[in-house]
Amino acid sequence: MKRGVAGAALLMLGAITLSACGGSNSSVAGAGFVYADSTTALVKAIDRKPAPAVPAMLINGLRTPTLRGKVVLLNVWASWCGPCRHEATALQRINDSLGPKGVVVLGVNTRDQSAAATAFARRLGITYGSVADQDGSAFLGGFAGTVPKIFTPTSIVLDKQGRIAGWALGEASYSKLRGLVDPLLAESGK
C-alpha cells in the first residue's frame, strides 16, 4: 500500500514538473515562455503592453540615451544588494557585446543614496547608465499589473516598440539575460 501511494506521488510530481516546463504558465498573463521556476518570462508580441516613460536623466546628470527602436534591458538594483553585485558583471557583458547590435542596458537604482550608487558603479566598472527611482513610484510603479513582482534585483526587457516583453525576477545569469534579449533582437520593427 505504501509503495502505491509513493508511486502515485512520484507520478504526480513528474506530471507537475513536465507541465511547468511546457512553455506556458497560466499564472503569468500573456507569457509566451516561462522558465520552470516561473521567475523568467517572455511575453508574446500580441500580448505586450506599453512600458512607462523612462526618466530623461541618468543619476550622473546626463540625458538618458535614445531607446526607440532598441531592445532595452532595465535592471532594478541598489548598492546594498548583494545579488546586484554578481548580476552587474553579466549586465556589463550584455552592454559590451550587444550594445553595438541595438541593446541598451539601463539600471534603475532604488532605495539608495546617490553617493553610494555612484561609488558602486565606479567600483564595479559599470559603464551603462542608471536612472533613479528612490521609492519605486516615479517609474517602477508603471510596471504594476504587467510584471508579477518587482524587487531588487529584477530585470525587465522592452522590445523595439517600447513594450514590456519579459522579465527575470531575482538575480539573473548572463545566459538567462541573453535568453530574454536575443529573441527581441531577432524581431523586426522600430
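Taking Phe120 as the residue in question, decide whether it is under 14 Å from Cys84 (Cβ atoms), assigned to a helix (DSSP H, G or I) and either at pLDDT below 95 or aromatic (Phe, Trp, Tyr) (or both). For Phe120, the condition - under 14 Å from Cys84 (Cβ atoms), assigned to a helix (DSSP H, G or I) and either at pLDDT below 95 or aromatic (Phe, Trp, Tyr) (or both) - is met. Reported count of residues in the stretch 126-141, each being modelled with pLDDT under 90 and among the aromatic types (Phe, Trp, Tyr), is 1.
Taken over the stretch 159-182, the residue count meeting the criterion of being under 18 Å from Asp96 (Cα atoms) and either out of contact with any helix residue (DSSP H, G or I) (no Cβ under 7 Å at 6 or more places or on another chain) or outside any loop (DSSP other than H, G, I, E, B) (or both) is 9.
Say whether the condition of being in contact with a Pro (Cβ under 7 Å, 6 or more places away or on another chain) and either surrounded by 20 or more Cβ atoms within 10 Å (Cβ to Cβ) or modelled with pLDDT of 95 or more (or both) is met by at least one residue in the stretch 146-154. Yes, because at least one residue in the stretch 146-154 is in contact with a Pro (Cβ under 7 Å, 6 or more places away or on another chain) and either surrounded by 20 or more Cβ atoms within 10 Å (Cβ to Cβ) or modelled with pLDDT of 95 or more (or both). Consider the stretch 117-135 and keep the residues that are of a type in the set (Gly, Ala, Ser) and on the phi < 0 side of the Ramachandran plot. The one that is surrounded by the most Cβ atoms within 10 Å (Cβ to Cβ) is Ser130.
Checking each residue in the stretch 65-101 for being assigned to a loop (DSSP other than H, G, I, E, B) and in contact (Cβ under 8 Å) with a residue 40 or more places away in the chain picks out Pro65, Leu67, Arg68, Gly69, Lys70, Ala78, Ser79, Cys81. Count of the stretch 42-58 residues, restricted to those that are surrounded by fewer than 18 Cβ atoms within 10 Å (Cβ to Cβ), more than 15 Å from the chain's Cα centre (by Cα) and in a loop (DSSP other than H, G, I, E, B), is 4.
The values are calculated or read from the model by the stated rules, or taken from the named source; none is laboratory data. The shown structure was predicted, so the numbers you read here are calculated from the model rather than taken from an experiment. Counting neighbours? That spans all protein chains shown, and the Cβs are built from the backbone with ideal geometry, glycine included.
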